[in-house]
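Remarks on the structure that follows.
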Amino acid sequence: MYKAEVRGPLILGNKDYRQITSDIIAPIDNKTPGWWKVAMAVAVTMASIGFFALYYTVRYGIGTWAVNNSVAWGWEIINFVWWIGIGHAGTAFSIFLLILRQKWRTSINRAAEAMTVFAVGCAAVFPAIHMGRVWLAFFIFPYPNTRGPLWVNFNSPLFWDFIAISAYLLISASFWYFGMVPDFASIRDRAKTKIKKAVYGALAFGWTGSTKEWMRYEGLSYVLGGIAAVLVVSVHSIVATDFATSVIPGWHTTIFPPYFVVGAIFSGFAMVMTLMIIIRKYYHLEEYVTDSHLNAIAKILVFISLIMGTAYTTEVFMAWYSGNPYEMFTFFHNRITGDYTFMFWAMVICNAIIPQLMWSKKIRSNITVLFIISIIINIGMWYERFNIVVTSLAKDYLPSSWATYSPTWVEIGIFIGTLGIFASGVLTFFRFLPMIAISEVKSVLKPTEIIEKH
Amino acid sequence: MSATHIIGVFDSKHDLLMGIEGAKSKNFTIEEIYTPYPVMEAMDALRRKSRFTTAAFIYGAVAVVGVLSFLYWTSVIDWPINYGGKPTNTFPSFIIITLVLTILTVTILSLFTFSLKARIYPGKKYFLPDERSTDDKFIVLFDKRTAGAGFEAISSALKASGASEVYEKEF
């Protein structure tokens, strides 16, 4: 009676298995496109600016930044939280949709995981450089040392953060890499040149696709998936506790962990949308990343946007309802109005209002508009982090210690650098690695056919 | 020592499953099956069972006990710090770091277990009976010595079940 299609076909164009392999590895086999070279040149230039800014910071110290006694966390922590947030969707995509057995993930998870690895790598730059004497960063490791048997503070969220991000980077990178192993074997076995066969052969780790290998591969996927699902939630909750365990007005709130986790997944899904639209457009993979896929991501974004709007409203409501004058001041005189008004309203408009356009099916099927909205969300999420970090620090309890903050060229340079590192990483991934999980897409090509046991 | 193998090639998962069923009904012994993507029914047919999740659980249990013991040792025995008279054994604040370190431990040990048990590691020398199995073909492999029948019998049974090709190969 009810024969409504929830989602369109996952792969269009009546493909067979061979065609799928050919289509997905075509960007690796084909010549490097001109647009790729231009984009890579821009990305490398941006990364070089970043490396110079990093060198400048290490050479002359944190004094080259605009952070001060009041605003001790500036762009570096904003960017750290922003990048970690973007890095969240890759794993969220792969893991949650894997556990929920959502087949539409297969065309998208690979790019999302790649995005995670590069984004988390970019995020890790900021806390490291924020330590000031970055060459002493190893002090954070708990190891027997010569400063007395003094251990790191295991009760500090900042230490939890360090361990959580290290674990997250390792698990995301291994999940991504081992996911690619069967695809490397496909490329190896179709390679026409000796160099390509040797390179992809080395990357494939001797994969053959036997049942013994697949069985353990599935086991590893589910184990990593299961524990990474917990990690996704805990990493950003821990980032939130960096803020929430303080006594700063605007930070000291129990809503922070879920608010941060949802915000992270929001920005990450937006970045996934941006990347998938680029992949589909420039590599002509419309038959794999279909309108239906983008539609599904758009629906998730609308839903998360509502949660974001609720979180913003809740924060403001609680500031008023608590009757705490410092909270009232922070929200009503330093965010909704005041020096940083633009940042607050940019956040609300970009994250809570504009995404509501995606309620309309017409908007969800317009790829250009979706691309623009995905970029707007990422800008909005950056403003959200600016709001949280800077406004609360700039004007806290003591008016005598109030300060304003605007970044120096060094801080801007480091941010540009991470954008460049991210872009060059993603472009390298586009060019040399299978952008879509070949073996997984093959598994959803045809409906499962099972022989009935007699 | 090389031996003669019989290789059945199938074009689809459906044909493969028919082939496996056909081979099993005639009591042929399949040595291995190679597929471009994971096929649960093929794993079941060869009675492949993994204890990966049990191993991961044991790693997790050992990690939880290990991390909590380590935190107790550092905070209470080795270098107790007096934070305004609070107890040194601050168990609730150990929970999050225990969770994260457990995840880290399980990840690392699971990766090593996978690498060792599935024999997937850098520089591994591999052998593929038919290179098309990583692309678009499903391969069923029989060792002629243990298959329980000759080439003719196996070939006709597989072809009757939908094999697109059956051939012999020495390796």
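Taken together, the values in this text are just the output of simple stated rules run on the coordinates, not laboratory data. It should be emphasised that the depicted structure is a prediction, and the values quoted were computed from it without experimental measurement. Note: ideal-geometry Cβ built from the backbone for every residue, glycine included; neighbour counts use all protein chains shown.
Given the range A:309-408, what helices (runs of 4 or more DSSP H) lie entirely inside it while holding 1 or more residues that are under 21 Å from the mean Cα position of the chain (by Cα) and among the hydroxyl-bearing types (Ser, Thr, Tyr)?
The helices (runs of 4 or more DSSP H) meeting that bar are A:367-386.
Does the range B:83-91 include one or more residues that are assigned to a helix (DSSP H, G or I) and within 30 Å of B:Ala149 (Cα to Cα)? Spell out the reasoning first.
Of all residues in the range B:83-91, those assigned to a helix (DSSP H, G or I) come to B:91.
Then drop every residue that is not within 30 Å of B:Ala149 (Cα to Cα), which leaves none.
Checked the range B:83-91: no residue is assigned to a helix (DSSP H, G or I) and within 30 Å of B:Ala149 (Cα to Cα).
Matching residues to (1) of a type in the set (Val, Ile, Thr); (2) under 29 Å from A:Ser439 (Cβ atoms):
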site: A:Leu12; (1), (2): no, yes
site: A:Tyr17; (1), (2): no, yes
site: A:Ala26; (1), (2): no, yes
site: A:Ile62; (1), (2): yes, no
site: A:Ala66; (1), (2): no, no
site: A:Asn69; (1), (2): no, no
site: A:Asn79; (1), (2): no, no
site: A:Ile86; (1), (2): yes, yes
site: A:Ala92; (1), (2): no, yes
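Results for (1) without any contact (Cβ under 8 Å) to a residue 12 or more places away in the chain; (2) of a type in the set (Val, Ile, Thr), shown as yes or no for each residue.
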site: B:Val65; (1), (2): yes, yes
site: B:Val76; (1), (2): no, yes
site: B:Ser93; (1), (2): yes, no
site: B:Ile96; (1), (2): yes, yes
site: B:Lys125; (1), (2): yes, no
site: B:Thr134; (1), (2): no, yes
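Restricting to the range B:60-82, name every residue that is within 9 Å of chain A (Cβ to nearest Cβ) and not in a loop (DSSP other than H, G, I, E, B). Reasoning before the result, please.
To start, the set of residues in the range B:60-82 that are within 9 Å of chain A (Cβ to nearest Cβ) comprises B:60, B:70-71, B:74-75, B:78-79, B:81.
The answer is B:Gly60, B:Phe70, B:Leu71, B:Thr74, B:Ser75, B:Asp78.
Collect the residues in the range B:115-170 that are part of a loop (DSSP other than H, G, I, E, B), of a type outside the set (A, V, I, L, M) and over 24 Å from the mean Cα position of the chain (by Cα), keeping them in residue-number order.
If the condition is that a residue be part of a loop (DSSP other than H, G, I, E, B), of a type outside the set (A, V, I, L, M) and over 24 Å from the mean Cα position of the chain (by Cα), then B:Lys144, B:Arg145, B:Gly148, B:Gly150, B:Gly162, B:Ser164 are the ones that fit.
For the range A:186-234, name all the residues that are assigned to a loop (DSSP other than H, G, I, E, B), hydroxyl-bearing (Ser, Thr, Tyr) and either more than 17 Å from B:Met43 (Cβ to Cβ) or out of contact with any helix residue (DSSP H, G or I) (no Cβ under 9 Å at 6 or more places or on another chain) (or both).
So the first thing to find is which residues in the range A:186-234 are assigned to a loop (DSSP other than H, G, I, E, B), and the list is A:191-193, A:204-209.
Within this subset, residues satisfying the condition of being hydroxyl-bearing (Ser, Thr, Tyr) are A:193, A:208.
Hit for the range A:186-234 is A:Thr193, nothing else.
Look through A:Gly179, A:Gly132 and report the one residue that is at positive phi and either among the hydrophobic types (A, V, I, L, M, F, W, C) or in contact (Cβ under 8 Å) with a residue 12 or more places away in the chain (or both). Walk me through how you get there before you give the answer.
Values: A:Gly179 fails: at positive phi.
The unique qualifying residue is A:Gly132.
Among the residues of the range B:35-46, is there at least one that is within 30 Å of B:Ile103 (Cβ to Cβ), more than 9 Å from chain A (Cβ to nearest Cβ) and free of Cβ contacts under 8 Å to residues at least 40 places away in the same chain?
Scanning the range B:35-46 turns up no residue that is within 30 Å of B:Ile103 (Cβ to Cβ), more than 9 Å from chain A (Cβ to nearest Cβ) and free of Cβ contacts under 8 Å to residues at least 40 places away in the same chain.
In the range B:121-144, which residue that is touching an Asp or Glu at 6+ places or on another chain (Cβ under 6 Å) and facing another protein chain (nearest Cβ under 8 Å) is surrounded by the fewest Cβ atoms within 10 Å (Cβ to Cβ)?
For the range B:121-144, the residue satisfying everything is B:Glu131.
When you go through (1) more than 30 Å from B:Asp44 (Cα to Cα); (2) of a type in the set (Gly, Ala, Ser); (3) within 14 Å of chain B (Cβ to nearest Cβ); (4) surrounded by fewer than 24 Cβ atoms within 10 Å (Cβ to Cβ) one by one for A:Ala240, which number turns out not to apply?
Exception for A:Ala240: condition (4).
Taking into account only those residues within the range A:223-234 that are more than 7 Å from chain B (Cβ to nearest Cβ) and surrounded by fewer than 22 Cβ atoms within 10 Å (Cβ to Cβ), which is farthest from the chain's Cα centre (by Cα)?
Taking the range A:223-234 and keeping what is more than 7 Å from chain B (Cβ to nearest Cβ), we get A:225-226, A:228-229, A:232-233.
Now narrow it down to the ones that are surrounded by fewer than 22 Cβ atoms within 10 Å (Cβ to Cβ): A:225-226, A:229, A:233.
Details: A:Gly225: 17, A:Gly226: 19, A:Ala229: 15, A:Val233: 13 Å.
Filtering the range A:223-234 for residues that are more than 7 Å from chain B (Cβ to nearest Cβ) and surrounded by fewer than 22 Cβ atoms within 10 Å (Cβ to Cβ), the one farthest from the chain's Cα centre (by Cα) comes out as A:Gly226.
What are the residues in the range B:9-27 that are at the interface with chain A (Cβ under 8 Å from one of its Cβ atoms) and out of contact with any helix residue (DSSP H, G or I) (no Cβ under 9 Å at 6 or more places or on another chain), if any?
Residue satisfying the conditions is B:His14 alone.
How many residues are at the interface with chain A (Cβ under 7 Å from one of its Cβ atoms) and aromatic (Phe, Trp, Tyr) when one looks only at the range B:95-120?
Counting residues in the range B:95-120 that are at the interface with chain A (Cβ under 7 Å from one of its Cβ atoms) and aromatic (Phe, Trp, Tyr) gives 1.
Considering each residue of the range A:183-209, count those that are at the interface with another protein chain (Cβ under 7 Å from one of its Cβ atoms), buried (at least 24 other Cβ atoms within 10 Å of the Cβ) and not β-branched (Val, Ile, Thr), and give that number.
Summing the residues that are at the interface with another protein chain (Cβ under 7 Å from one of its Cβ atoms), buried (at least 24 other Cβ atoms within 10 Å of the Cβ) and not β-branched (Val, Ile, Thr) in the range A:183-209 gives 4.
When both residues are 6+ apart or on different chains and their Cβ atoms are under 6 Å apart, which pairs have a first residue that lies in the range A:191-214 and is in contact (Cβ under 8 Å) with a residue 24 or more places away in the chain, and a second that is surrounded by 15 or more Cβ atoms within 10 Å (Cβ to Cβ) and not hydroxyl-bearing (Ser, Thr, Tyr)?
Taking only residues 6 or more apart or on different chains, the pairs are A:Phe205/A:Val181; A:Phe205/B:Ile120; A:Phe205/B:Lys124; A:Trp207/A:Val181; A:Trp207/A:Pro182; A:Trp207/A:Ala185.
Looking at (1) within 20 Å of the chain's Cα centre (by Cα); (2) buried (at least 18 other Cβ atoms within 10 Å of the Cβ); (3) under 30 Å from A:Ala164 (Cα atoms), which is the only condition B:Val100 fails?
(1)
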